[in-house]
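Reviewing the structure listed below.
The values are calculated or read from the model by the stated rules, or taken from the named source; none is laboratory data. Fair warning: this is a prediction, and the values are worked out from it, not measured in the lab. Note that each Cβ is placed from the backbone with ideal geometry, even for glycine, and that neighbours are counted across all protein chains shown.
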Ligand code: NAP
Ligand code: GLV
C-alpha cells in the first residue's frame, strides 16, 4: 500500500522521514520520484489535477493537505474515491492564535488606534469589558470549537452557529438557517469558520451582515468566497460595521489595486491564520491510514454530497 505526496517539497522531506521511521510498511513517494501509478492507493495533495487523478487507477482515498477541501474539483473525482480533510493539532493551534488575536484587536479598538496613530492623535476610547462584547462563531467544527474554547477564559459572552444542533458548555448554540437571524443579532464580533460549500458561498452579504448590531465587526478566516466584498465595503462606509479582519480573499493573492488593501477599517493578512504543521500532520495521516487498514472510521472524512 502506497501513498503519493504532491505538495510543498520541504514538508514532503519531513513526511518522508516520519513515514520511514514510524510507518515503513506504507510506501511513501513524492511526485518527483519514479513510482508505479497502479500501486498508489492514497494521495495527499492540495489541488490535484484531473489528469493526476485519472492516472491513478487504484486510488482509494484523497487526503487534503489542509483543513479545507473546497479546492478539490469534486466533479473530476470518481464517486468511489473517499475524501478526507486534514485534522491535526498544528492547524487548530494556529487558528486559535489568529482568531484570538483578531477578536482581541477588535475588542480593544486597534483599528481606531491605528488610524489615530497615523494622525498623531492621542484619542483614548472608553474601555468595554469582555463581558460586554458578544462573540459569535459561524461553524462549530474542529476549528470553531477550538476557537470558542480559547476565547472562553476572557469572559466574552459566546455563541455559535452550525448546520446541525451542537452543544458546547458556556456557548449559546444555534443551528440551521432559521436560527441565523437570532444568532447574528447577538454578535458584536462575528468570526466565520465555515467550510466553503454551495450553501455557504456568499453567506457574508448585506442581508446577513445587516442583522449584526450596529458597530459590529467581522473576522473572516473561512474562505474568501464566503464574503460578498462590495456588501462589506458598503456596510463599513455606512458605519453599520466598524471593522473587519480578513485572512482570506477571492481571488488570492488579492490584486494590488483592490480597495481592501488601503481601507482604513480593514486589517488584511495573506491567508496565514493557520498552516498545516508538517510533523503533526504526518502523524495524523499515518493514524488515518491505520484506521483505514483496520476498517475503522477515518477522522475528517468528507460527506461528498454535503460538500464538507
Ligand atoms: P469542520 O470541522 O468540517 O466544521 C465545519 C462546521 O461548519 C460544522 O460545524 C458545520 O456544521 C458547519 N457548517 C457547514 N455548513 C454549514 C451550513 N450550511 N450552515 C451552518 N453551518 C454549517 O471544518 P473545520 O476543520 O473547523 O474548518 C472550517 C474551515 O476553516 C475550513 O473548511 C476552511 O475553509 C477554513 N480554514 C481556514 C484556514 C486559514 O488559514 N484561513 C485554515 C484552516 C481552515 P455541523 O456541525 O452541523 O456539521
Ligand atoms: C487552510 O486554509 C486550510 O484549509 O488548511
query = Among the residues of segment 231-243, is there at least one that is in contact with a strand residue (DSSP E or B) (Cβ under 8 Å, 6 or more places away or on another chain), within 16 Å of ligand 1 (Cβ to nearest atom) and modelled with pLDDT of 95 or more?
reply = no
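Pick out, from segment 213-308, the helices (runs of 4 or more DSSP H) lying fully within it that include 1 or more residues that are under 23 Å from residue 77 (Cβ atoms) and in contact with a helix residue (DSSP H, G or I) (Cβ under 8 Å, 6 or more places away or on another chain).
Values: elements: 229-237, 259-262, 278-294.
Of the helices (runs of 4 or more DSSP H) lying wholly inside segment 213-308, those with at least 1 residues that are under 23 Å from residue 77 (Cβ atoms) and in contact with a helix residue (DSSP H, G or I) (Cβ under 8 Å, 6 or more places away or on another chain) span 278-294.
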Note: among 69, 91, just one is crowded, with 19+ Cβ neighbours inside 10 Å and assigned to a helix (DSSP H, G or I), namely 91
Of the residues in segment 181-212 that are without any contact (Cβ under 8 Å) to a residue 60 or more places away in the chain and assigned to a strand (DSSP E or B), the one that is nearest to residue 68 (Cα to Cα) is 192
So, first residue more than 21 Å from residue 197 (Cα to Cα) and not assigned by TED's automatic domain parsing to the domain that holds residue 200 in segment 157-180, second residue within 16 Å of ligand 2 (Cβ to nearest atom) and in a strand (DSSP E or B), Cβ within less than 7 Å, six or more apart or across chains; the pairs are none
Scan segment 143-164 and give yes if some residue there is within 11 Å of ligand 1 (Cβ to nearest atom) and loosely packed, with under 15 Cβ neighbours inside 10 Å, otherwise no. yes
Residue 289 vs (1) without any contact (Cβ under 8 Å) to a residue 40 or more places away in the chain; (2) touching a strand residue (DSSP E or B) at 6+ places or on another chain (Cβ under 7 Å): all pass except (1)
